[in-house]
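To start, the structure under review is shown below, and the notes come after it.
The values are calculated or read from the model by the stated rules, or taken from the named source; none is laboratory data. Remember, predicted model here, so these are calculated numbers, not experimental data. Ideal geometry is used to build each Cβ from the backbone, glycine not excepted, and the neighbour counts take in all protein chains shown.
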Amino acid sequence: MELLTIGDLAARSGVAQSALRYYEREGLISSTRTSGNQRRYERHELRRVSFIRIAQQVGVSLEEIRTALNDLPENRTPTRSDWARLSAHWRRKLEDRITMMERLRDQLTGCIGCGCLSLERCNLINPEDKLAQRGEGPQMILNPPS
């Protein structure tokens, strides 16, 4: 069985060695130790790291990733069907995030919807700071009128 050093795993995955050590401390990946106490990773850990990296890039938290990986048997990488099952749980969250990013993109040049009255246009969108009644933060982005 071919084992990877932490440097090999970092180079192959595009993830810094410090992040790999963090993932290991968090129980997301595992390694064995040589007699000289050097980390060695089984090849399947490369797929787990790739899974973690992609999930993070689409906004899935490490806690959600941990929960998903904990549902898999030990020492097994996610298969295509595993990913489909796991991602179904994240689909709504991702769709909401996409919607919010589209709103932000569409309103960014004129107003980010914060209700701050810092732009002249806000006098039209938010007269007398009525958005403050809906809550704090960028209400036009977070909770647009229906």
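Set side by side, the residues Leu9, Leu28 differ, and just one is farther than 28 Å from Ile98 by Cα and crowded, with 19+ Cβ neighbours inside 10 Å, which is Leu9.
Across segment 1-53, the number of residues qualifying as within 22 Å of Leu72 (Cα to Cα) and small (Gly, Ala, Ser) comes to 6. Regarding segment 123-138, can at least one residue be identified that is within 30 Å of Ile54 (Cβ to Cβ) and either over 20 Å from the mean Cα position of the chain (by Cα) or at pLDDT 80 or above (or both)? Among the residues of segment 123-138, at least one is within 30 Å of Ile54 (Cβ to Cβ) and either over 20 Å from the mean Cα position of the chain (by Cα) or at pLDDT 80 or above (or both), which makes the answer yes. For Met1, state whether it is over 21 Å from the mean Cα position of the chain (by Cα) and either part of a loop (DSSP other than H, G, I, E, B) or surrounded by 14 or more Cβ atoms within 10 Å (Cβ to Cβ) (or both). Spelling it out, Met1 is indeed over 21 Å from the mean Cα position of the chain (by Cα) and either part of a loop (DSSP other than H, G, I, E, B) or surrounded by 14 or more Cβ atoms within 10 Å (Cβ to Cβ) (or both).
Scanning segment 16-30 for residues that are modelled with pLDDT of 95 or more and not in a helix (DSSP H, G or I) returns a single hit, Ala16. For Ala68, the stated conditions do not hold, so it cannot be described as in a helix (DSSP H, G or I) and under 9 Å from the mean Cα position of the chain (by Cα).
From the list Arg80, Arg66, Arg97, the lone residue that is closer than 30 Å to Leu142 by Cα, out of contact with any Ser or Thr (no Cβ under 9 Å at 6 or more places or on another chain) and at pLDDT below 85 is Arg97.
Screening Gly36 with (1) under 23 Å from Glu64 (Cα atoms); (2) not in a helix (DSSP H, G or I); (3) not acidic (Asp, Glu) gives one miss only, at (1).
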